[in-house]
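As structure tokens, the structure follows; a few thoughts come after it.
The values are calculated or read from the model by the stated rules, or taken from the named source; none is laboratory data. Not measured: the values here are computed from a predicted model. Glycine gets a Cβ as well: all are built from the backbone with ideal geometry, and neighbour counts include every protein chain shown. Surface accessibility is based on the protein's heavy atoms, side chains included, excluding ligands, DNA and RNA. Shrake-Rupley method; radii C 1.70, N 1.55, O 1.52, S 1.80 Å.
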Amino acid sequence: MKKMTKIFAMMMCIVLAIGCLTGCGGKSEEEILMSAVTGINNAKSCEIEVGMSGKMSMKMGEESQDLDLKMDLKGAMFQDPIKMKITGSVSSMGQSALMESYIQKENEKYVLYSKTAGTWTKMELGDLDTALASSGMNSFSNQLSADIGQYTKKEEKKEGETTYYVYDYKISGEEMKSTLEGSSSSVKSLLSSLGEVEAKEYEELMNRVVSSIGDVSLTVYVDVKKQEISRVEYPMTDMMNKMLDETMKYVKEKALEEAEGDEAEEVKKMMDSIELKVSDMNMTMSYKNVNNAEDFKIPDEALKAKSMNAALSGLE
């Protein structure tokens, strides 16, 4: 069961970019779209607001539970040097947890500072430059494609005094795979501090998960007057269910590999009874103050926190 605990921990690692032309200088819709895409892709800093909500159904045998999930985050990202700040809350089952995190590069290694339940922790994430480059987090250049063919115009929307061009934006399965593989590399770097077995298991799992996702369609809102990307809406239900299904298949296989003798049938029955599904899962990411994000300083109490790497390395 010790190995099962590690596998479920890796699961949690899995379980996180628009109509009138008034004031636009007479530019065409395509020119405004490409100007907005170029703007966010070349940004040196920006502030983001992320909201995600949905439901998760968990079932094991005759027992089942439905959970409401809600996450509200605010952040600031800078590219030179790379540093990030994220604050917000995560709510489920009537309980809410506040979070505050910072990432910056120190002595050629990225360091994560996190505050949970009033306590600061520090963790070295290693040299993540390659992983960040693959996932697009080392710059904004991979936020949205400059290929106009990936955008399909929808009906314009007006919210208050702001007019938006709205587009369906399709990301191919191969693009999703590349992005998620890059993002997973950062987690794999962290898991490597726990040992080669965990890192290899995570890589094997993520290879299967990212291959199962397929194409994804997002909705992009362009502020016509500002010629900026305002927000991107992500339908998460289908993608999350594919990821959960593939993860549970992997967990079941690993559990049966470890089972011995008569235990195998009992383990198989138990694993077959487990079901995880999400519904109405959606995420919205809004961009603000592009190239004019408010700078931040990591709190002194965070910088003084003890490193968790040594403690994690001692886990067996």
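Things worth noting here:
- Check on SER189, part of a helix (DSSP H, G or I), modelled with pLDDT under 95 and in contact with an Asp or Glu (Cβ under 8 Å, 6 or more places away or on another chain): yes
- Only residues that are at positive phi and of a type in the set (A, V, I, L, M) were counted across the stretch 61-86, and they come to 0.
- Failed criterion for SER45 (all others in (1) open to solvent by 30 Å² or more (accessible area, probe 1.4 Å); (2) hydroxyl-bearing (Ser, Thr, Tyr); (3) modelled with pLDDT of 70 or more hold): (1)
- Applying a threshold of 9 Å to beta carbon distances and a minimum spacing of six or more residues, or different chains, the list of pairs starting in the stretch 204-227 at a residue that is farther than 22 Å from ILE40 by Cβ and open to solvent by 30 Å² or more (accessible area, probe 1.4 Å) and ending at one that is at pLDDT 95 or above and charged (D, E, K, R) is empty.
- The combined condition, being open to solvent by 30 Å² or more (accessible area, probe 1.4 Å) and at pLDDT below 90, is fulfilled by LEU256.
- Of the criteria (1) of a type outside the set (Lys, Arg); (2) within 18 Å of the chain's Cα centre (by Cα); (3) at pLDDT 90 or above, which one ILE82 fails: (3)
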